[in-house]
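The values are calculated or read from the model by the stated rules, or taken from the named source; none is laboratory data. Treat the numbers as computed from the prediction; the structure is a model and nothing was measured. Positions of Cβ are generated from backbone atoms using ideal geometry, with glycine treated the same way; all protein chains shown enter the neighbour counts. Ligands, DNA and RNA are stripped out before the accessible areas are found, and what is left, the full protein with its side chains, is counted by its heavy atoms. Shrake-Rupley method; radii C 1.70, N 1.55, O 1.52, S 1.80 Å.
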Protein chains: 2
Amino acid sequence: MARIYNFSSGPAVLPLPVLEKAQAELLEYPGSGMSILEMSHRSKTYDAIIKAAEANIRQLMGIPDSYAVLFLPGGASQQFAMVPLNLLPAGGFADYVHTGAWAGKAIKEAEVVGRVKVVWDGRGDNYMRTPRPAELKFNPGSAYVHLCSNETIGGVRFPEFPKTNSPLVADMSSDIMSRVIDVSNFGLIYAGLQKNLGPAGSALVIIRRDLAEKTPESGNLFFRYATHMKEPSLYNTPNTFAIYILKLVSEWLAAEGGLAAMEARNQTKASLLYQALDTSPFWRPCARKDSRSLMNITWRLENEELEARFVQQAKAAGLDGLKGHRSVGGLRASLYNAFPLEGVRKLVEFMQDFEQKNG
Amino acid sequence: MARIYNFSSGPAVLPLPVLEKAQAELLEYPGSGMSILEMSHRSKTYDAIIKAAEANIRQLMGIPDSYAVLFLPGGASQQFAMVPLNLLPAGGFADYVHTGAWAGKAIKEAEVVGRVKVVWDGRGDNYMRTPRPAELKFNPGSAYVHLCSNETIGGVRFPEFPKTNSPLVADMSSDIMSRVIDVSNFGLIYAGLQKNLGPAGSALVIIRRDLAEKTPESGNLFFRYATHMKEPSLYNTPNTFAIYILKLVSEWLAAEGGLAAMEARNQTKASLLYQALDTSPFWRPCARKDSRSLMNITWRLENEELEARFVQQAKAAGLDGLKGHRSVGGLRASLYNAFPLEGVRKLVEFMQDFEQKNG
């Protein structure tokens, strides 16, 4: 069986050259006589890998030295808890923007730790849009403002980010490194690796050092960012393989032209699909136009039976992972950095054919 | 460069057939058209993998149905915090046995959460032995008793486990599945994968279901075992690759004869090296004989200069990772399940040669 087009929302498609290199090196990492899976995280060889991963990420995103770059376990779900454990002091509160399922989960974990003020909730629009900056009224004195830059389930994103007085914390799991951002506008950025960066099971955390240093020392050592900053990402044995893949992905990103090139390419890919969805009432795109995600494109058909047929026939045509999230149904195409333009063209052709037969 | 003998304490050597299979499948997992690294954790194909991993582990260890088997992020260090967060109620206390660096780290995290009573501390013996069951006087009413079954730094293990009235919690990171144990004597067993089970970045947790169900609901959802039991190990996106490797390792273990066969083999390998260390005063084994680890064998030479020469010349002879932990120095050979007998023979030959030249 040949490799198919994988529209999965995550874990998701990785660049083929990354997979090929990982495969070639899997028995013997060059010069080491062992697999990367067997290598001590304290070895000189591994030290060079983890340092290169960090340096590449700093270069690609333009991360100032005043920020730490950490590789931590557990993906975004663990960060939903770690963010308030570190940044929400006793007696304080944090502002949260509620844009969908992921923002909602972050709010739930924060409410366990302290006081949360939800400054905007998209429920009235069924989470099919994000707020415009002018709609957001932040509360003076909040410990931080939290938002999710891109919601994979609704298929909405912040096309631009609000200005905040308190540190802005963003869950960028599903659009990190898909566009150029100014890191210095954020206090903390976190992202599970499994969409744009690498395999599942780890998170990338970019944190302004002074914020981590303010964390009260009363909590568990393992859940404090400061612990992982002292000996960067090596307080415990990290997910050595995921960091290795992340290094390969970062090299691929640089070779492809960096984040500006990715942003242009992602715009092209998403536009192609949105144009197809906008040409005929047969297709019913979900997200409001001004909030449309470039990563996760969601739409419905007239009924669920037709949607099921679409998913099944697309899969038979080598287009897999097009089923919407089980909580909302419908259809979804995830077009992360590594997803090739040819795959979008193939999908659009398939859609034209499907509409002719079923429209 | 050919594969060398890797004595690293973890991440550590994996079975060659596991690496070969992972390599062969890395671009296209059979029948899926994609890499295991790109595969949705909600797909049917992945569901079969994670269920097989759990079933194989249950079979190999004889785990009763009254226990949950979970794959959680972050290795043992995260469990040092999660165990007391889940099992140490407000106003209660837990008994801890202090056998070395790892037990010490577990104690430190538990003290953040609640009251800890250290029932035995090996400091007086420089952590070069574990207590005999008769030395342990547990406190009535403890929420649980915690011990580390094998300390990688000192190179000591519990040859047998104490009987306890409170649930026995064991960090088995460095000797899980290296010997036959009776799971029903334990309340909770946890282990980072990166020594006997797979790559770094995840933990295996085996927990008596009734214990998880007693956890207070006040804490963060993500850090509660009960959360991960409801939808087994799929509350969040797990470390899909590590679980896949763990499945391959469990298949290898079964094919090799299971844990009884491993225990016999580990006994043979360790005896061969301990015999060599006991033949001449040139070698100075560290651990007391009744506490010697079969996994991590530690010894010293007359001085550090000689130890450094040993490490360097051994590495040149294709025997890597023999340096002791940076906190104690000396020499250490880690002989996990996947470490081949031929490698121990090679080391013993090298040692004889080294003694002749330097003795």
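Numbers below:
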quantity: With every protein chain in place, the stretch A:258-358: carbon and sulfur % of accessible area (1.4 Å); calculated: 50 percent
quantity: Efficiency of FRET from Cβ geometry, residue A:165 and residue A:317, R₀ 51 Å, rounded to 0.05; calculated: 0.50
quantity: Where B:83, B:180 fall by accessible area, highest first, once all protein chains stay in place (1.4 Å); calculated: B:180, B:83
quantity: Solvent-accessible area lost in complex, 40 Å² minimum, residues of the stretch B:30-61 relative to chain alone, 1.4 Å; calculated: B:33, B:34, B:37, B:38
quantity: Extension gain from residue A:47 to residue A:214, taking 0.36 nm per residue of separation minus the Cα-Cα distance; calculated: 57.3 nm
quantity: Rough spin-label spacing in nm, given labels placed 7 Å along Cα→Cβ, for residue A:355 and residue A:279; calculated: 0.5 nm
quantity: Cβ charges +1 (Lys, Arg) and -1 (Asp, Glu), total dipole of the stretch B:192-322, debye; calculated: 160 debye
quantity: Cα gyration tensor shape for the stretch A:68-113, rounded if a/c is under 1.5, else prolate or oblate; calculated: oblate
quantity: Listed residue (A:134, A:285, A:252) projecting farthest to the positive dipole end of chain A, Cβ model; calculated: A:134
quantity: Extreme residue, positive dipole direction of the protein assembly as shown, given options A:75, A:48, A:242 (C-beta unit charges); calculated: A:75
quantity: Area buried, chain A against chain B - accessible surface, total, 1.4 angstrom probe, square angstrom; calculated: 5200 Å²
quantity: Hits among aspartates and glutamates - C-alpha to C-alpha of residue B:247 under 13 Å, sequence gap 8 or more where chains match; calculated: B:47, B:54
quantity: Accessible area expressed per residue, chain B, with surrounding protein chains retained (probe 1.4 Å, Å²); calculated: 37 Å²
quantity: Debye intensity ratio in log₁₀ form over the Cα atoms of the stretch B:258-358, taken at each q of 0.17 Å⁻¹; calculated: -0.74
quantity: Identity and axial distance of the chain A residue whose Cβ lies nearest the axis relating A to B, Å; calculated: A:73, 2
quantity: The protein assembly as shown: Cα Rg divided by the 2.2 N^0.38 Å rule of thumb; calculated: 0.98
quantity: Size of electric dipole in the stretch A:141-256: Cβ of Lys, Arg +1 and of Asp, Glu -1, about Cα centre, debye, nearest 20; calculated: 120 debye
quantity: Solvent-accessible surface (1.4 angstrom probe) belonging to residue B:323, in square angstrom, nearest 10; calculated: 140 Å²
quantity: For the stretch A:17-255, share of DSSP beta bridges that run antiparallel, in % to the nearest 5; calculated: 50 percent
quantity: Shielding by other protein chains, B:102-110, mean Cβ within 10 Å; calculated: 1
quantity: 18 Å Cα-Cα reach of residue A:323 towards lysines, excluding residues that sit fewer than 8 places from it in its own chain; calculated: A:195, A:315, A:346, B:44
quantity: The stretch B:312-359: C-alpha pair distances exceeding 16 Å, %; calculated: 43 percent
quantity: Gyration tensor verdict on chain A (Cα atoms; rounded if a/c is under 1.5, prolate if a/b is larger than b/c, oblate otherwise); calculated: oblate
quantity: The stretch A:105-199, accessible surface, carbon-and-sulfur percent (1.4 angstrom probe); calculated: 47 percent
quantity: Exam field: residue B:160 pseudo-label spacings to other copies (7 Å along Cα-Cβ), nanometres; calculated: 7.4
quantity: Positive-end residue of B:267, B:92, B:155, charge dipole of chain B with Cβ unit charges; calculated: B:92
quantity: Extended-chain gain in nm, criterion 0.36 nm per residue less alpha-carbon gap, residue A:345 and residue A:231; calculated: 36.4 nm
quantity: Proximal lysines relative to residue A:214, as straight alpha-carbon distance under 29 Å, when same-chain residues fewer than 8 apart are discounted; calculated: A:51, A:105, A:108, A:117, A:137, A:163, A:230, B:105, B:108
quantity: Ranked by how many other beta carbons lie within 10 Å on average, peptides A:187-195, B:300-308 from highest; calculated: A:187-195, B:300-308
quantity: Inter-copy spacing of residue B:308 label points, which lie 7 Å from Cα along Cα→Cβ, given in nm from shortest upward; calculated: 7.1
quantity: Those GluC sites (Glu not before Pro) in the stretch B:129-176 that DSSP places in a loop and that have at most 11 other beta carbons within 10 Å; calculated: B:160
quantity: Label 7 Å beyond Cα on the Cβ vector: residue A:111 copy-to-copy distances, nm; calculated: 3.6
quantity: Normalised contact order of chain B, rounded percent, pairs of Cα under 8 Å and 6 or more residues apart; calculated: 23 percent
quantity: Cα shape, the stretch B:79-199, gyration tensor, a/c 1.5 rule; calculated: rounded
quantity: Estimated FRET transfer efficiency when R0 is 51 angstrom, pair residue B:137-residue B:264 (beta carbons, to 0.05); calculated: 0.90
quantity: Cα-projected label distance for residue A:123 with residue B:23, points at 7 Å along beta-carbon direction, nm; calculated: 5.5 nm
quantity: Dipole in debye (nearest 20) - the stretch B:17-255, about Cα centre, beta carbon charges: Lys, Arg +1; Asp, Glu -1; calculated: 400 debye
